[in-house]
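Since the structure comes first, as structure tokens, the remarks are kept for the end.
The values are calculated or read from the model by the stated rules, or taken from the named source; none is laboratory data. Values in this document were obtained by computation on a predicted structure and should not be read as measured data. Note that each Cβ is placed from the backbone with ideal geometry, even for glycine, and that neighbours are counted across all protein chains shown.
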Amino acid sequence: MESTRTGCKNIKTKTVIKINMKNEFGLKIKKIRKDRGLTQQEFADSLGYAHKSTINKIESGLEDMSYQKILVLLKEYMLSAKDLFDNTEKEFEKIDELIEKTTKPQKDSCLVYIHGLYGNSGEANFYSFLANKYDVIGLDYDDGNPWEVKDKIIHEFSEISKKYRNVYLIANSIGAFYAYRYLSSFKIKKAFFISPLVNMRKIIDKMMKKYSITLERFKNEKIIVLENGQAISFDFYQSLDNVDHWDVKTHILYGQNDKLVDHESIFSFASAHNCSLTILKNGDHYFHTPGQLKCIKKWINEFMFGDL
């Protein structure tokens, strides 16, 4: 699922604006930032983006900005829509209507999707088959080291939760790790974990062994960037000794041939947290084939409505 792309436009809070006139929108964003003497990172922080690279992509015309972020921009810098778009009044009315739809919940329940590494919030569109009962929302966060994205994950989930009476959760791979480590204090009706990273400490241990990193070196250097570009943090590693407080009713879908999460870890987590565990025969860590995606839908429908 991490590598799956649906090709659909994002829904609800993630509706995007397509800019067709070269990079006029990006240039306006850049001018707004420059006029205020802000660096890309400072500008990113003010809008709730985790990394300056997102701003760079927007300014270069390589990435769109969601209506949700445009609302933040307008409010933060006291701008009007005319400062961003060269549209007619009729088109402005359409923009206002769409913005209202993306910010006003249409239902009292939502389904929040947290993507895995190298994924994106647009993957939430895969779950649009549930949109007749729930607002389906992809949680917006940029990939980063687990200890760096914590505050972003909590903030975004908090903002979403405020608008709904009932919140359901689907999380994939490291997204599930973020859920059970960072979101246990929230009221979540039910959670669905797909290929969850349930033993991060063991995964880091494997990395250390692969790259011949001793515990002493790890402790002294604090943060080590591995040959593959990944970083590991000793403080984060130590924090994994703390017991998580996850007690949400949870269903797990796990691939029989998952090479990243071993059987012992998944069985132990499921038992400790009283989770249902469904094992997909011949499945690996990443579910992406038509048959596997069909199984995900069947699994979601069964446990979303079958065990109320």
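Only one residue in LYS219, LYS210 is touching a residue at least 12 places away in the same chain (Cβ under 8 Å) and of a type in the set (Lys, Arg). Which one? That would be LYS219, the only listed residue that is touching a residue at least 12 places away in the same chain (Cβ under 8 Å) and of a type in the set (Lys, Arg). Return yes or no: is ILE266 in contact (Cβ under 8 Å) with a residue 24 or more places away in the chain and either surrounded by fewer than 13 Cβ atoms within 10 Å (Cβ to Cβ) or among the β-branched types (Val, Ile, Thr) (or both)? Yes, satisfied.
Every residue, every condition in (1) over 22 Å from the mean Cα position of the chain (by Cα); (2) farther than 14 Å from ILE194 by Cα; (3) free of Cβ contacts under 8 Å to residues at least 12 places away in the same chain, yes or no:
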| position | (1), (2), (3) |
| --- | --- |
| GLU227 | yes, yes, no |
| ALA231 | no, yes, no |
| ILE252 | no, no, no |
| ASN282 | yes, yes, no |
| ILE296 | no, no, no |
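Does the range 142-150 contain any residue that is over 25 Å from ILE296 (Cβ atoms), within 14 Å of the chain's Cα centre (by Cα), in the same structural domain as GLY122 (by TED's automatic domain parsing) and among the charged types (D, E, K, R)? Yes, the range 142-150 has at least one match.
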